[in-house]
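What follows is one structure encoded as C-alpha cells, with my remarks underneath.
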Amino acid sequence: MSKSGKDGLLINKIAAGVLTAGIIFWGANRIAHVIIPDDSPKSPVIAITAPQTAAPMAALAVAAVPESVIPLLATADVAKGAAFVQQQCAACHSLNSGGAAGVGPNLYGALGGPMFASAGFSYSAAAKAKAKGNWDYASMASWLLDPASFAPGTAMGYPGIKNTQTRADVVAYLRTLAASPLALPTADEVKAASAAPAPTAAATGGAAEAGVTPAAAPSIDTMFAKVDLAKGEAFVQQQCSACHSLNKGGANGVGPNLYGIVGGKMFAAAGFNYSDAVKAKANGTWTADTMSDWLLSPSNFASGTMMGYPGIKNDQTRADVIAYLNKNADSPIKLPGT
Ligand code: HEC
Ligand code: HEC
C-alpha cells in the first residue's frame, strides 16, 4: 500500500505511462477492428485498469472507452454471464420468477420490462428519476457499465462491469430470465451499433470484474479526519446489515457479528463458521489499513472468501464505513490522522 505523497506521485507517473500505453493500444485496437474482425479484444483493456487508485482510474477510463455490447449478444456466453451474476449480483438480487426483493429488486423479467418498477421494491429517488420506458439492450448495458453515472445517487452499490464482453455475457444471461425473452438485436441494429461510437459513461473508479486483480487499496489515511459517520452508518445499514448484525452481542447471520470489529481479532467471532479462505488469515488484528484492503475487495484480500460482496471502491465511502464500524465498539481505536 502507498502511504506517502511520494508514492502517490509515483503512482500518478505510472498511471500516466499506463494511460499512454492504453491510448496507443486502444487506437491500435480500433484500427485492428477495421482490418481483422476481432472477437476477443477485451483482455488488454482489463489489463490496463490494474493500478486501482481513484485518480488514475478516472484518467484510465478515458482509454477504456466502452464498446457496444449489441454486436456481441448473439455469441455471448450465457453460462459465463450466469456465473458472474451468481458471484457478483445474487447477494443483492433474487433471479427466480416471483423471487423476493432483497437489497435490490428481483431481476426476473427486468430486461425488456419497465425500468425500476419491480412491485414491492422501494427504489431510490435517483432510480425513479430515470425510470422511463422499458429496459432495452442499450440502456441495460449502460446501467451495468456504471450505475452511478446512469443514475447519480442510485442505491445500487456496485461499481459496474467495465469489460464489454463480460457486460454482454451478463446482459445475454439477464435476457434468459423472462417468460418471453426480448428479441435479439436485428442485423441492422448490430450494424448501426458497430458503426457508431459506443456511448461513453463518465469516468469512474473501480472495476469489479472476474479476472481483474485489483492492487492493494490506496491509502485512505488522510480521509479519516473528515469522515461522515452518518453516511457510513447509512451505507452499512443498506449494504451490510442483510448479512451482519452490528449490535453488541448480536447473533451471527450470513456473516459474523461486527460489534467491535475494528481493532479486534480477524475472523474470530465466536460461533461463526468461517471459510477456509479467511481462516488462513485469522491470526491478525483489524487495523484501519487492513480493513480498507478487505473492504476494497474481499475476494482479492482472501481469494475464495464467502463474503459475497464486491467491495467498496470509493475511498471516502470506505473511510466513512471504517470510521462508523470503529465507533461501533466499546473502545474505538485511534484512526490515522485523527
Ligand atoms: C450491493 C447490492 C447490489 C449489487 C451487488 C448489485 N445490485 Fe443491482 N440493484 C441494487 C439496488 C439497491 C437497486 C435499485 C437501485 C435504486 O433504487 O437506486 C438495483 C437495481 C438493479 C437493476 C434495475 C432493476 C429494475 O427493477 O429496473 C438491475 C437490472 C440490476 N440492479 C442488475 C444488477 C446486476 C446485473 C448486478 C451484478 C453485476 C447487480 N445489479 C449488483 C443493488 C445491488
Ligand atoms: C452477502 C452477505 C454479506 C454482505 C452483503 C457483506 N458481508 Fe461481510 N462477511 C460476510 C461473510 C460470509 C463473512 C465471512 C467471510 C468468510 O468466512 O470467508 C464476512 C466477513 C466480514 C468481515 C470480517 C469479520 C471478522 O470476523 O473478522 C468484515 C469486517 C465484514 N464482513 C464487513 C462487511 C461490511 C462493512 C459490509 C458492507 C459494506 C459487508 N461485510 C457486507 C457476508 C457479507
Worksheet entry | Verdict on Ser118 being near ligand 1 (Cβ under 6 Å from one of its atoms) and open to solvent by 30 Å² or more (accessible area, probe 1.4 Å) | yes
Discussion item. Given the options Val69, Val103, name the one that is more than 18 Å from Asp136 (Cβ to Cβ) and either within 14 Å of ligand 1 (Cβ to nearest atom) or at pLDDT 95 or above (or both).
Written reply: Val103
Worksheet item: Given (1) farther than 17 Å from Tyr324 by Cα; (2) surrounded by 13 or more Cβ atoms within 10 Å (Cβ to Cβ), where does Ala288 come up short, assuming only one miss?
Response: (1)
Worksheet item: Do we find that Pro336 is open to solvent by 50 Å² or more (accessible area, probe 1.4 Å), touching a residue at least 60 places away in the same chain (Cβ under 8 Å) and either touching a helix residue (DSSP H, G or I) at 6+ places or on another chain (Cβ under 6 Å) or farther than 29 Å from Ala90 by Cβ (or both) in this structure?
Response: no
Worksheet, complete the sentence: From the option list Leu177, Leu182, single residue qualifying as away from ligand 2 (no atom under 16 Å from the Cβ), at pLDDT 90 or above and more than 25 Å from the chain's Cα centre (by Cα) is Leu182
Response to the item:
Per the list (1) open to solvent by less than 60 Å² (accessible area, probe 1.4 Å); (2) within 16 Å of ligand 1 (Cβ to nearest atom); (3) modelled with pLDDT of 90 or more; (4) not aliphatic (A, V, I, L, M), residue check on Gln237 breaks on (1)
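Here is a yes/no grid of residues against (1) over 30 Å from Ala100 (Cα atoms); (2) away from ligand 1 (no atom under 16 Å from the Cβ); (3) at pLDDT 95 or above:
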| residue | (1), (2), (3) |
| --- | --- |
| Asn257 | no, yes, yes |
| Val262 | yes, yes, yes |
| Tyr274 | no, yes, no |
| Ala282 | yes, yes, no |
| Asn314 | no, no, no |
| Lys327 | yes, yes, yes |
| Pro336 | yes, yes, no |
Discussion item. Given the criteria in contact with a Pro (Cβ under 6 Å, 6 or more places away or on another chain), within 26 Å of Pro159 (Cα to Cα) and open to solvent by less than 60 Å² (accessible area, probe 1.4 Å), does Asn326 qualify?
Written reply: yes
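The values are calculated or read from the model by the stated rules, or taken from the named source; none is laboratory data. What you see is a predicted model; the values in this text were computed from it and never measured. Note that each Cβ is placed from the backbone with ideal geometry, even for glycine, and that neighbours are counted across all protein chains shown. Keep in mind that these areas ignore ligands, DNA and RNA; they rest on the heavy atoms of the full protein, side chains included. Shrake-Rupley method; radii C 1.70, N 1.55, O 1.52, S 1.80 Å.
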